Amino acid sequence: MGIFDKVDFNNLPKNYNEHDVREDIIAPLLNMLGYSTFDESNRIIREPRLKNQYTKFGTKKERIIIPDYLVQVNNKNAFIVEAKSPSQNIREGENVDQAYSYAMNREVQVNIYVLCNGRELNIFDVKKNEPLLSFQLANATKSDWENTYELLSPAAFTNPHIFNYKPDYGIWCLKNGMYEGEGSLQFFYNCYITYVARVEDNLYTFMAVIKRGDEELLASFDFDISLIENFMKQIPDNLKYEVKEGITKNPFRYEAKSKEESFPLSFSAYLSDTVVRNENEDYIPLIVKEFLI
């Protein structure tokens, strides 16, 4: 991890404290993840001032102070980070409980909270007792940092589907000898959709998991605005408004948060001749020919 090349986690200075942890470790890590105090989209707020200084647990009202960092993505609170000195336990006990209370505060309300003591990094979810990720900084592997990125980067909150490392269905088709173009038309019935977005003024995309034998593959399907009416006809009545609002207003996407919010589509599509490359993966989208209503 280049940003920590000069940090000897096994030999921290004798008087190393939580202020040092904030400056030497947490701040560079947040910057590396893509956050900044100057970025309105992916913002770091140091020691946010909360109007409500209390968190309620049952009938007991506990006074809290403030988290060291509140991180926002697209102006929405995403997670908090709390620094502790190297001698402090951040795996369990009062420090973890304190960070949890920050996350649960009604002005914060985030699912993810992070603790670092200069020796260890722990990432928690408020719904789980055990950390989502826990590792010693001195022994951190490439996988540890990749997992940290998957949990805390801006993309983790805006496009979590990109971290679903199922093989791409389009590339699978190409490798298995399927041709591009309308001559390779395929039919898909009752594919459950969890994500749909408008990517250009006249272009939409959605994703679906396709099973081939025992293997699950992730497919990306593009369709032209001329098909939007028939696309909408397949959406259940109870979801029509949410989907339409999602793809016609900023941020121009609809993401299902539960199985009940996903919906099935039936359509025909063919393999495009374009390999799309981005920082996360290569994939070949399919082009929707018709929605089968």
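Laboratory data are not the source of any read-out in this text; all were calculated from the coordinates shown. The structure displayed is predicted, hence computed values, not measured ones. All Cβ positions, even for glycine, are placed from backbone atoms using ideal geometry, and neighbour counts span all protein chains on display.
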Legend entry - Pairwise FRET efficiency - residue 293 versus residue 45, Cβ, R0 = 51 Å, nearest 0.05: 0.60
Inset, instruction - Report the label-to-label distance for residue 31 and residue 171 in nanometres (one decimal), using points 7 Å from each Cα along the Cα→Cβ vector. - result: 3.3
Legend entry - Approximate spin-label separation residue 127-residue 273, in nm, with each point projected 7 Å along Cα-to-Cβ: 4.5
Inset, instruction - Figure the gain on full extension for residue 147 and residue 229 (residue separation times 0.36 nm, minus the Cα-Cα span) and round it to one decimal in nm. - result: 25.5 nm
Inset, instruction - Pop the C-beta distance of residue 14 and residue 239 into the FRET formula with R0 = 41 Å and round what comes out to the nearest 0.05. - result: 0.10
Legend entry - Correct option for semi-axes √(5λ) of the Cα gyration tensor in Å [calculated from the coordinates] among [x] 39, 19, 18; [y] 42, 23, 16; [z] 30, 23, 20: [y]
Legend entry - Computed helical MRE - 222 nm, the chain, DSSP H runs ≥ 4 contributing -39500 (n - 2.57), nearest 500: -5500 deg cm²/dmol
Legend entry - Scaled radius of gyration (Cα, divided by 2.2 N^0.38 Å) that region 162-291 gives: 1.01
Inset, instruction - For each pair in 76/127; 175/259; 14/128, compute the distance between the two Cα atoms and list the pairs where it is over 29 Å. - result: 175/259; 14/128
Inset, instruction - Could you work out how far apart the two model spin labels at residue 255 and residue 89 are, taking each label as a point 7 Å from the Cα in the direction of the beta carbon, and quote it in nm? - result: 3.5
Legend entry - Antiparallel content of DSSP bridges confined to region 162-291, in %, to 5: 90
Inset, instruction - Using Cα positions and a limit of under 19 Å, work out the aspartates and glutamates in reach of residue 166, with same-chain residues fewer than 8 apart set aside. - result: 146, 150, 214, 215, 216, 222, 255, 279, 281, 282
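Which whole-number percent is the relative contact order of the chain (Cα, under 8 Å, 6+ apart)?
Across the chain, relative contact order equals 13 percent.
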Inset, instruction - Please turn the phi angles of region 227-241 into ³J(HN,Hα) values with the Karplus equation 6.51 cos²θ - 1.76 cosθ + 1.60 (θ = phi - 60°), one per residue in order, whole Hz, x for glycine and proline. - result: 9, 5, 5, 6, 4, 5, 5, 8, 6, x, 4, 6, 10, 4, 5
Inset, instruction - Post the alpha-carbon centroid distance, region 96-146 to region 215-289, in whole angstrom. - result: 33
